[in-house]
Amino acid sequence: MQLSELPPDIWLRSVRVPAPLLAGAPVSAGPDGLVDLDLRLTGGRIAAIAPAGTAPAGIDRDRGMAWPCFIDGHVHLDKTQIWARQHGADGTHDGAIAAVRADRDAHWTEADIEARFDFGLRCAWAHGTSAMRTHIDSYWPHARNGWAVFRRMRDAWAGRIALQAVSLCPAERFASDDGEALADEVARSGGLLGMSMMGPANQPALDRVFELAEARGLSLDLHLDETGDPASGALLAVAETALRRGFRRPIQVGHVCALAMQDEATALATIRRCAEAGVRVINLPMCNMYLQGRAPGRTPRWRGITMVHEFRAAGVPVSFASDNCRDPFYAYGDYDMLEVYREAVRIAQLDHPFADWAGSVASVPAASCGFADHGTIRVGAAADLVLFGARTMTELLARPQSDRTVVRAGRVVAARPPDFRELDAVLGAA
Ligand SMILES: [Zn+2]
């Protein structure tokens, strides 16, 4: 029996699942942290999990891996795919900010954002992602367009990709009257409050952001210290502010690249404060490699990512995510979380042993972002799976796995990533 004809009640026999992606009782895992199982899919849900070789009949996967669908906890679906019409982006962070600002001012109608946003979601859908958290450029009052598109897309995609959204603008923007209006728009949209800060922390602006979030019961998701300058100290300021104010809602922080450039004792002290404050960290390895350490004619000397092993050792949840796709902050990318995982493993040496990190693109971001019922394989969960022929981690990571099978609610998804030509008219690039 072929996978393409999955009946409504079927055993997938002899599948391998990374142990961190299995909810429930601890299991003993083999090499690479993989557990051999038989999975019963009934009526679109995972109806049973049994030791490998005990199911009576079904489709034999011959040790091919099964992952839960991926969780992409930090993306920018409002910026996505503008690469073809922007001019002047040079691969630097400053160049990207200027290029996006020019594109936003010239082109970002609701129709423009929606066409690109939807394209990004279709990429993610085809690659096997079931939940995403997107940042929305939030310069008031123009931000209304992005938030209106988010609300429409969240409703239109409900049941396929669960969507969350976060505001994004420099923290100082919240100090003006616009801060109240923006925070109200975020709250009205069911979003999270977010901002960017790097360099020496602006404490009054930081307290203002916390205050606006507290008044509305909003969680935080912050772009911090996205620079190689060791003097950039926003992360420590955020942890200290959260502790001082007794902030109770979840805080996720992205990037925090500068930490890796600080002396070890200073960095480890900050990591300890993050652990105490309950901060969760999300890393954007492809974007960081692209932007950090870039100077004309000079070979980059560092990988741009933060101290993921040290965060994890301190008990801080660490996830990986796509961040930007085909915009001035990152010229490539396709919302493929297997690509993100593969690159993260190589860049940050998340191997030997592999097992510890498989959760970083599924179960960990699901918990960090609060996507209940996503990111793990367990009895009763939706049968949302990504099936691979690969039997080991090096088989998995050696190839792009373009022949993977995405299963949603027990049915095979036939979708392929959309053709870039679809956006030619939107981008004026035909
Ligand atoms: Zn970002």
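Just so you know, all these numbers are worked out from the coordinates, no wet-lab data involved. From a predicted model like this one, the values you see are computed outputs, not experimental measurements. Here Cβ is always computed from backbone atoms with ideal geometry, including for glycine, and neighbour counts include all displayed protein chains.
Points to keep in mind about this one:
- In the chain, the ratio of gyration radius to Kirkwood radius, Rg to Rh, stands at 0.97 when only Cα atoms are counted.
- Positive minus negative residues near LEU34 (Lys, Arg vs Asp, Glu; Cβ under 9 Å): +1
- For segment 308-430, size of Cβ-based charge dipole, Lys and Arg +1, Asp and Glu -1, in debye: 380
- Volume of the Cα convex hull of segment 10-78, divided per residue and given in Å³: 127
- A Cβ-based charge dipole, computed about the Cα centre of segment 247-353 with Lys and Arg at +1 and Asp and Glu at -1, lands at about 240 debye.
- Per-peptide average of other Cβ atoms within 10 Å, ordering 302-309, 97-104 highest first: 302-309, 97-104
- With R₀ set to 25 Å, the beta-carbon distance separating GLU276 from ALA23 gives a calculated FRET efficiency near 0.40.
- When you count the other C-beta atoms within 10 angstrom of each residue and take the mean per peptide, 200-207, 269-276, 69-76 line up highest first as 69-76, 269-276, 200-207.
- Structure-based [θ]222 nm, the chain - -39500 (n - 2.57) summed over DSSP H runs of at least 4, per residue, nearest 500: -10000 deg cm²/dmol
- Protection-proxy order for peptides 5-18, 126-139, each taking the mean of Cβ atoms within 10 Å per residue, highest first: 126-139, 5-18
- If the chain linking ALA381 and PHE420 were pulled fully straight, counting 0.36 nm for each residue of separation and taking away their Cα-Cα distance, it would gain 10.7 nm.
- One chain, two ends: ASP229 and ASP94. Fully extended at 0.36 nm per residue, the span grows by 47.2 nm beyond their Cα-Cα distance.
- The dipole here belongs to segment 1-51: it is taken about the Cα centre, uses +1 on the Cβ of Lys and Arg and -1 on the Cβ of Asp and Glu, and is about 100 debye.
- Spacing of the two label points (7 Å from each Cα toward its C-beta) at ARG399 and ASP184, in nm: 5.6
- Förster-model FRET efficiency, 30 Å R0, LEU243 and ALA52, C-beta, rounded to 0.05: 0.05
- Nitroxide proxy distance, nm - points 7 Å out along Cα→Cβ at GLU110 and ALA331: 3.5
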